[in-house]
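Undergrad: What follows is a structure written as structure tokens; I'll ask about it next.
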Amino acid sequence: MLTMEDVFPPFRLRIRCGAIEQRVLRDDDIPELVDLVRGGVQAPGTPMPFLADWHEAPFAPGQPGAFPAVSLSWWWQQRAAFAPDAWHLALTVRHDGVLVGMQDVHATDFPLTRTVETGSWLGRDHQGKGIGTLMRQMAISFAFDELDAVACESGYIVGNEASRAVSRKAGYVYNGQRTLVQQTRQGAVRAQEQRVIVTPDTVVRPGERVVVEGAEELRRFLSIER
């Protein structure tokens, strides 16, 4: 009988470095992920880091306009829309087996652009411990070494010093700014995003080896030719 890994090869992906492991989000992870979000994501006094404040939505299980239903719909949508020309890897991040955050790697027209976008967040209890830097370095190393990407782009809201520090430590360099709109409980607000980019020439890799399983099956699923 087929396994879920046979049906959906991204589930086979496993990225490890030291005590950190990244795997594609499964439904079994979601209850733990909901608890992690409820424990807090945004540190006090810092700019809202997302385009929409989904992490502050009222907690009302079973209600379609509240958390976790709205986020659940988004997580499932990424899986449902998976295609070689537009894909999104929502990677759970575990530290010694405990779910601590999420690391996203996504791309559009990757066979032509060979460029991915990265984004990430950590639960508040796990911030400031170096995990954010390592999980980003792991994702970048995976993109360069296993997907043959030539660039990884990202961005952070100006004033978010923690995100700025992670980008710097991973080897990103400034790539211009843009004005965007964030959706908050108080309504739409304007914000400045600092765009950053890292290439194989600037990347800062983890101090330990990054071990990847399931990359060959993922490349085949995404029509990535080496």
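Undergrad: Using Cα-Cα distances under 8 Å and only pairs 6 or more residues apart, what relative contact order does segment 1-120 have, in percent?
TA: 21
Undergrad: Whole number in Å², please: accessible area per residue of segment 1-110, 1.4 Å probe, ligands, DNA and RNA not counted.
TA: With all protein chains present, segment 1-110 gives 49 Å² per residue.
Undergrad: Quick one: pull the percent of accessible area on the chain belonging to carbon and sulfur, 1.4 Å probe, ligands and nucleic acids left out.
TA: 51
Undergrad: If you work out volume of the Cα convex hull per residue in Å³ from the coordinates, which of [x] 133; [y] 170; [z] 110 do you get?
TA: Derived directly from the coordinates: [x].
Undergrad: Next question. Over the chain, what is the relative contact order in percent, taking alpha-carbon pairs closer than 8 angstrom and at least six residues apart?
TA: Answer for the chain is 24 percent.
Undergrad: Only helical DSSP H runs with n ≥ 4 go in: add -39500 (n - 2.57) per run for the chain, normalise by residue count and round the 222 nm mean residue ellipticity to 500 deg cm²/dmol.
TA: -7500 deg cm²/dmol
Undergrad: Given DSSP loops and a limit of at most 16 other Cβ atoms within 10 Å, what is the longest stretch of the chain that contains no such GluC sites (Glu not before Pro)?
TA: 1-207
Undergrad: Between segment 110-125 and segment 43-74, what's the alpha-carbon centroid distance in Å?
TA: The two parts, judged by their Cα centres, are 20 Å apart.
Undergrad: With only alpha-carbon pairs counted, each pair once and no self-pairs, how large is the Kirkwood hydrodynamic radius of segment 1-60 in angstroms?
TA: Evaluated over segment 1-60, this radius sits at 14.5 Å.
Undergrad: Using a Gaussian network for the chain with springs between C-alpha atoms less than 10 Å apart, which of these wobbles most: 163, 71, 120?
TA: Looking only at 163, 71, 120, the largest GNM fluctuation is found for 71.
The values are calculated or read from the model by the stated rules, or taken from the named source; none is laboratory data. Please read all numbers here as calculations on a predicted model, not as lab measurements. We place every Cβ from the backbone using ideal geometry, glycine too, and count neighbours over all the protein chains shown. Side chains included, ligands, DNA and RNA excluded: accessible areas come from the protein's heavy atoms. Shrake-Rupley method; radii C 1.70, N 1.55, O 1.52, S 1.80 Å.
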